[in-house]
Amino acid sequence: MTTETMTRENPRTASKSLLRKGLDTLYLASGAVAALFLLAILGIIVAQMASRWMGLQFPGSADYAGYCMAASSFFALAYTLNRNAHIRVSLILNIVKGKARWVMDIWCLSVATLLAGYLAWFAIRNVQLSHMIHDISQGQDATPLWIPQSAIAIGSVIFTIALLDHLIRTLMGHDDTFAEEHHVEGEEF
């Protein structure tokens, strides 16, 4: 390998490394945001209990906890995908070996990416519509719905990016997202 080819390859490798670090940071940050929303649920429940003990009202607390649960669920999608913690049924994939398994992996990831992309598109459109018509929740909180819907849209977009990332890595032969050695500890029963 000449110095010229090494010089040409280093920026590509550096940019791939930078992109990989950026995506992994995005997924980790998404998981951290999901954890913060779980802590917010805990805080809401504790505040609701304390307000009941003091004889005070905490209007909309159940609605706020629901918004936090939805946000936590959607922000956690990309993080759990990258930690191989999603529940998946792989009965057929466990039987198939070699090139056929790789093709099925590609098919599964392609379908999942398309469906997640549609979900993200729909979630974004839903936020836009709610904002445009000034839609508010029907509970006591009267929250503008575009605010909690934004968390769902952002989480869906990050999940779509993660699935597309896995699809590209699998197509390039860098990743096998369905490999048995990638499962989470304690998953087998």
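Some points to look at:
- Some residue of region 68-86 being modelled with pLDDT of 95 or more, under 14 Å from the mean Cα position of the chain (by Cα) and of a type in the set (V, I, T): no
- Qualifying residue in region 106-116 (condition: surrounded by 15 or more Cβ atoms within 10 Å (Cβ to Cβ), closer than 19 Å to L164 by Cβ and touching an Asp or Glu at 6+ places or on another chain (Cβ under 9 Å)): no
- Cβ pairs under 8 Å, 6+ apart, first in region 30-44 and under 13 Å from F74 (Cβ atoms) and surrounded by 14 or more Cβ atoms within 10 Å (Cβ to Cβ), second at pLDDT below 95 and among the β-branched types (V, I, T): G31/T80
- Of all residues in region 87-114, those satisfying the criterion of being over 29 Å from V157 (Cα atoms) and at pLDDT 85 or above are K99, A100.
- Single residue of I92, I106, I158 found to be free of Cβ contacts under 8 Å to residues at least 60 places away in the same chain and β-branched (V, I, T): I92
- The number of residues in region 86-105 being surrounded by 11 or more Cβ atoms within 10 Å (Cβ to Cβ) and under 20 Å from I168 (Cα atoms) comes to 9.
- Residues in region 75-104 that are β-branched (V, I, T) and part of a loop (DSSP other than H, G, I, E, B): 3 in all.
- With respect to the conditions (1) among the hydrophobic types (A, V, I, L, M, F, W, C); (2) over 30 Å from A62 (Cα atoms); (3) surrounded by 19 or more Cβ atoms within 10 Å (Cβ to Cβ), A120 falls short on a single one, namely (2).
- Of the criteria (1) at pLDDT below 95; (2) surrounded by 13 or more Cβ atoms within 10 Å (Cβ to Cβ), which one Q138 fails: (2)
- Scoring A151 on the criteria (1) in a helix (DSSP H, G or I); (2) more than 24 Å from A32 (Cβ to Cβ) leaves a single failure, condition (2).
- T170 buried (at least 18 other Cβ atoms within 10 Å of the Cβ), of a type in the set (S, T, Y), modelled with pLDDT under 95 and under 22 Å from N82 (Cβ atoms): yes
The values are calculated or read from the model by the stated rules, or taken from the named source; none is laboratory data. Please read all numbers here as calculations on a predicted model, not as lab measurements. Glycine also receives a Cβ, built like all others from the backbone with ideal geometry; neighbour counts cover every protein chain displayed.
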